[in-house]
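So the structure is just underneath, and the comments pick up after that.
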4 protein chains.
Amino acid sequence: MAEVSPEVRARVQASFDRQGLMTHLGARLTGIEEGTVRITLPARPEVTQQNGYFHAGATSAIADTAGGFAGFTLFPENTSVLTVEYKMNLLAPAIGEYLEAVGTVLKPGRTLTICRLEVFAVRDGQPKLVAAGQQTLICVDARPEQ
Amino acid sequence: MAEVSPEVRARVQASFDRQGLMTHLGARLTGIEEGTVRITLPARPEVTQQNGYFHAGATSAIADTAGGFAGFTLFPENTSVLTVEYKMNLLAPAIGEYLEAVGTVLKPGRTLTICRLEVFAVRDGQPKLVAAGQQTLICVDARPEQ
Amino acid sequence: MAEVSPEVRARVQASFDRQGLMTHLGARLTGIEEGTVRITLPARPEVTQQNGYFHAGATSAIADTAGGFAGFTLFPENTSVLTVEYKMNLLAPAIGEYLEAVGTVLKPGRTLTICRLEVFAVRDGQPKLVAAGQQTLICVDARPEQ
Amino acid sequence: MAEVSPEVRARVQASFDRQGLMTHLGARLTGIEEGTVRITLPARPEVTQQNGYFHAGATSAIADTAGGFAGFTLFPENTSVLTVEYKMNLLAPAIGEYLEAVGTVLKPGRTLTICRLEVFAVRDGQPKLVAAGQQTLICVDARPEQ
């Protein structure tokens, strides 16, 4: 997996930092490579569902974001990324100290990019795949209008 | 659309209230009917993505939850609901005073229930469909083991 | 639902007729309106799965095609339609004299169009919803290169 | 990847042979391992869309079937497999001498099994990933009623 340039890294981190939701959930960007981004979400009562596990909404939010930024690492300058759609299977109860979402570009494209989404729950240091999905992204022009 | 019994209403509200994520996002249960549940999420910086719109993760979280409870209104006592999987298309930027997610049972079943998911962004009182999806739920035994 | 122009109708029918698979399965275009297309598939051993029901692959093939043409009715001249992705829930065994797939545009767009997909199995004249899904289409330039 | 027993192999092949659609399309079972099944579909006019490429419906039909049998290799005796839902991204035009669909179990389960679906188009001996998806299967009792 190739390193990204400092410019791309800064661009991804700045965009992540502007996402109020990620900060509010307590999520952190923990890996930025070409076509692969990782996001970590520590367990806390604020991200649970009714049984105390991670809420599917939280699991999906970090998976969608990881995929979006994975695509974004491959986009040209002055573009932005939007999620067209995604699909997630919740495979097992999401229990652990933290979740790690991994977004990986499966098929890059000029307009559309397809990513694989995986979320692992890490418990006692052991990762377990708890969600898997697929996502379609679109690259849009982000230049300010003149 | 039929009214639910007070027991079902109480069961749904209690389960919603145990979801730390819904409270943390600021979401509220605003409609409980047989096979249809509505959840409202007011706009606030804590639920945004990088452009200040509602984050797809927040949009999806309330859609998934609305669908889950829509199914739950039809489940027998002493059962619980889990999301097997869902798919969401983000149709338009989610901008407005608040979002309303509507989960509707499309096909009830003893084991699996399929729901339609819709999210409207309400701006100046006008609802606009900003996300649409489909969800598979499973009904699981929730009796305490003996 | 608005009628389509004779030009659009001819364009859709001609494209359908070029699809070897539709002819091979025995499918027929049975409705072309603006944003809605219907395809009918009679029961025959050639379209079954192991229990003698309609095969999910046949069900999906006509649903995907109905959605694609539903989008195509709204596309400008000299364009073509490609399926980006779709998701189908198989809701009930597909048993009957014939299937009717209905593709309906949920959200038209210049680049991407989102459709709802429904398949009904008709038995003794009674339609039953046996599959439901959602589809993303892309409009591509179809002018011959010069 | 582990070999399957002769009994499982015979069970999978017999079920495949009962699928009228697979025969009608010209598809063949080309690999049966524990949790992984491969199906090959040679190019012919009967499986094309309007541009002469493999039709998304044909691509999906063999992908869905490969995933279904991949799950089936892990199911106990006297059970049957049904597709609950699947999602496919069509990544590139499906052009080539033949398609190979690979279904792989991602998460086995007593009731639900989740598979990854991949379809490669093989052209001049070179495989290219042209479709990728994810599928949910359910294991149902297949004992004759008494």
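The values are calculated or read from the model by the stated rules, or taken from the named source; none is laboratory data. What you see is a predicted model; the values in this text were computed from it and never measured. All Cβ positions, even for glycine, are placed from backbone atoms using ideal geometry, and neighbour counts span all protein chains on display. When the accessible area is computed, the model is the full protein with side chains, heavy atoms only, and any ligands, DNA or RNA have been set aside. Shrake-Rupley method; radii C 1.70, N 1.55, O 1.52, S 1.80 Å.
Annotations
- Taking amide H atoms as placed 1.01 Å from N in the peptide plane, the amide H of residue B:84 lies under 5 Å from those of B:136, B:137, B:138, each 5 or more residues away in sequence or on another chain.
- Between copies, residue B:13 shows label-point distances of 4.7, 5.9, 6.3 nm, shortest first, with the point placed 7 angstrom from Cα along Cα to C-beta.
- Förster radius 35 Å - calculated FRET efficiency between residue B:92 and residue D:2 (Cβ-Cβ, nearest 0.05): 0.15
- GNM result for chain A, Cα springs below 10 Å: residue of A:109, A:125, A:96 fluctuating most strongly: A:125
- Accessible surface of chain A, 1.4 Å probe: 50 percent of it comes from carbon and sulfur atoms.
- Within the straight-line cut-off of under 18 Å between alpha carbons, the lysines reachable from residue B:128 are C:107, sequence neighbours fewer than 8 places apart in one chain being disregarded.
- Note, ³J(HN,Hα) from phi for region B:126-131, Karplus 6.51, -1.76, 1.60, rounded to Hz, x at Gly and Pro: 9, x, 10, 5, 10, 8
- Label 7 Å beyond Cα on the Cβ vector: residue A:143 copy-to-copy distances, nm: 2.2, 6.7, 7.0
- Mean separation of Cα contacts under 8 Å (6+ apart) over length of chain D, as relative contact order %: 23 percent
- Applying 1/(1 + (r/R0)^6) with r as the Cβ-Cβ distance of residue A:9 and residue A:46 and R0 = 41 angstrom yields a FRET efficiency of 0.90.
- Using θ = phi - 60° in the Karplus curve 6.51 cos²θ - 1.76 cosθ + 1.60, the 3J(HN,Hα) couplings for region D:66-77 round to 4, x, x, 6, 4, x, 4, 4, 9, 7, x, 4 Hz; x is entered for Gly and Pro.
- HN-Hα J in Hz across region D:79-88 - Karplus 6.51, -1.76, 1.60, θ = phi - 60°, x for Gly and Pro: 10, 10, 10, 10, 7, 7, 6, 8, 9, 10
- Signed unit charges on C-beta, dipole axis of chain C, positive-most listed residue C:48, C:82, C:19: C:48
- Computed E for residue D:129/residue C:34 - FRET, C-beta separation, R0 60 angstrom, nearest 0.05: 0.95
- Surface accessible to a 1.4 Å probe, residue A:62 within the full protein complex, Å²: 0 Å²
- Among A:15, A:80, A:60, residue whose mean-square fluctuation peaks in a GNM of chain A (springs only between Cα atoms under 10 Å): A:15
- Dipole moment magnitude, nearest 20 debye, the protein assembly as shown about Cα centre, only Lys, Arg, Asp, Glu C-beta charged: 0 debye
- Nonlocal amide H pairs with residue A:31, under 5 Å, H built at 1.01 Å: A:38
- Residues in the protein assembly as shown average 41 Å² of solvent-accessible surface per residue, probe 1.4 Å, ligands and nucleic acids excluded.
- Computed over chain B, the P(r) curve from all C-alpha pair distances, binned at 10 Å from the origin, holds 13, 43, 33, 10, 1, 0 percent per bin.
- Label point at residue C:17 placed 7 Å out along Cα→Cβ; residues across region D:17-56 whose backbone nitrogen lies under 19 Å: D:45-53
- Sorted from nearest, the other copies put their residue B:127 label points 2.4, 4.1, 4.7 nm away, the label point being 7 Å from Cα in the direction of Cβ.
- Buried accessible surface for the B/A chain pair comes to about 2700 Å², total over both chains, computed with a 1.4 Å probe.
- Working from the Cα coordinates of the protein assembly as shown, the gyration tensor eigenvalues give, after taking √(5λ), semi-axes of 34, 29, 25 Å in decreasing order.
- Beta bridge orientation in the protein assembly as shown: antiparallel %, DSSP, nearest 5: 100 percent
- Inter-centroid distance (Cα atoms) of region D:91-106 relative to region D:14-56, Å: 10 Å
- Chain A: angle of helix A:6-17 to the longest principal axis, Cα-based, in degrees nearest 10: 50 degrees
- Of the residues D:102, D:12, D:84, the one that moves most in a GNM of chain D with alpha-carbon contacts below 10 Å is D:84.
- Of all beta-carbon atoms in chain C, the one sitting closest to the axis that brings chain C onto chain D gives C:87, 2, with the distance in whole angstrom.
- Loop-located trypsin sites (Lys or Arg not before Pro) in region D:87-121, at most 15 other Cβ atoms within 10 Å (DSSP): D:110
- Amide hydrogen neighbours beyond the local backbone of residue A:107, cut-off 5 Å, H modeled: A:114
- Cα-based reach from residue D:87 at 13 Å (exclusive), listing aspartates and glutamates while leaving out same-chain residues under 8 positions away: A:85, B:85, C:64, C:85, D:64, D:118
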